[in-house]
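Okay, structure first, notes after.
The values are calculated or read from the model by the stated rules, or taken from the named source; none is laboratory data. Owing to the predicted nature of the structure, the values given are computational and were not obtained by experimental measurement. Cβ placement follows ideal geometry from the backbone for every residue including glycine, while neighbour counts extend to all protein chains displayed. Ligands, DNA and RNA are stripped out before the accessible areas are found, and what is left, the full protein with its side chains, is counted by its heavy atoms. Shrake-Rupley method; radii C 1.70, N 1.55, O 1.52, S 1.80 Å.
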Amino acid sequence: MHTEYFVVDKDHPDQGVLGQAAELLKQGKLVAFPTETVYGLGANGLDEKAVANIYVAKGRPSDNPLILHISHIEELKQLVAHIPNNAKVLMNAYWPGPLTIVFRRAAIVPDIVTGGLETVGIRLPDSVVARELIALAGTPIAAPSANISGRPSPTNAQAVLVDLEGKIDAVVDAGNCQIGVESTVIDCTTPVPTLLRPGGVTLEMLMETLGEVEMDPILSGSFELAPRSPGMKYTHYAPDAPMVLVEGEYPQVLELLLKEVSAALTEGKRVGALISGQTADKLPVGTIPFVYGMRENVEEIAANLYLALRNYDDHSVDVIFAEGISEEGLGLAVMNRLRKASGYRIIKG
Ligand code: TXA
Ligand code: MG
């Protein structure tokens, strides 16, 4: 399959170009497109055959449900059975934006979108390109992250093509995603809303807006518990080489990281290190570093995270050590992805 390539401006996308991509979506084809979080792999969310092709292209297990993306709040009503008050409050505060809300679904939503669940995740993205594309397609768009299942999500069109060129019909390129980690997923079908995946809307923001939020047990790291968000049970975001996450505060985390890196180098291993700007000049010679940003700038770290995890695709390293950061704010989403990428190989300083 030939993958068509469209380029648009992030803030003022050419309507003619977006119209061509929207036409492909209307025909049941697969089109990758940018959002403010990561690139999504879109298909007409009400067309079962089109949605089935998403699972094939990504190699995604069919019980892992997809998020439906809408371009206007009015489109929500037809997709859900009920809009709880908590959800209304969240929509007012954070839509459009990086927040996916789980509702009881309406009958119009195909089983293949929800993985057979009675609920559906809906998101109104902030990205102008995403919203205009969805509006031109005239239908809700089912879109997981546009990566091969298990790999780090793509935050630019090049990363989409590395994984999916020849497997999808088109990609719309509007440059780098601003946030860099996926949307927050919150389940509003429970009496107290339950955080299923931390993301761009932080736990602190949710607490402030709602007063109380439950945390899915999986977020505390007890990953053997049955997850409520089916996507959380799979290994995810993983680079090609095994990764070990070193957690703790500075400077303990630095000391432990240096000890582990040195031991691996002594064993003759090729060693990668995902590190902060603070640590950059402290690594032993021979380490292959990737600096994700300064520790205090968590927005920068989130925006670089998947580039960092994909960086080692091109180096044949035997092991990667990653420096953990604080879980405050967006740090919770960053640490959640690093823990999953490490397959929970974690050491604490
Ligand atoms: O930022 C994002 O959310 C990106 C962009 C493209 O919008 N999309 C994305 O989709 O990350 P995906 O499929 O890679 O992750 C969706 C997550 C999965 O963990 C899935 O299990 C969960 O949302 N999810 C979707 N529908 C759900 C539902 N009805 N109940 C519980 N979890 C759900
Ligand atoms: Mg994903």
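Structure values in brief
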| quantity | calculated |
| --- | --- |
| Search result, residues across region 44-75 that are hydrophobic (A, V, I, L, M, F, W, C) and more than 14 Å from R131 (Cα to Cα) | L46, A50, V51, A52, I54, V56, A57, L66, I67 |
| Failed condition for I148, given (1) more than 9 Å from ligand 1 (Cβ to nearest atom); (2) outside any helix (DSSP H, G or I); (3) in contact with a Ser or Thr (Cβ under 8 Å, 6 or more places away or on another chain) | (3) |
| Residue, farthest from ligand 2 (Cβ to nearest atom), within region 150-162, restricted to residues that are among the small types (G, A, S) and modelled with pLDDT of 95 or more | A157 |
| Members of region 82-139 that are surrounded by fewer than 18 Cβ atoms within 10 Å (Cβ to Cβ), more than 10 Å from ligand 1 (Cβ to nearest atom) and more than 29 Å from E23 (Cα to Cα) | H82, I83, P84, N85, K88, V89, N92, A93 |
| Qualifying residues in region 163-212 (those that are among the aliphatic types (A, V, I, L, M), assigned to a helix (DSSP H, G or I) and away from ligand 2 (no atom under 16 Å from the Cβ)) - the one surrounded by the fewest Cβ atoms within 10 Å (Cβ to Cβ) | M207 |
| Single residue of region 108-143 satisfying the filter (modelled with pLDDT of 95 or more and more than 22 Å from M91 (Cβ to Cβ)) that is nearest to ligand 2 (Cβ to nearest atom) | I112 |
| So P96, is it in a loop (DSSP other than H, G, I, E, B), touching a Leu at 6+ places or on another chain (Cβ under 8 Å) and within 14 Å of A130 (Cα to Cα) | yes |
| Selected residue (criterion: most open to solvent (accessible area, probe 1.4 Å)) from residues of region 140-158 that are hydrophobic (A, V, I, L, M, F, W, C) and over 14 Å from L66 (Cβ atoms) | I148 |
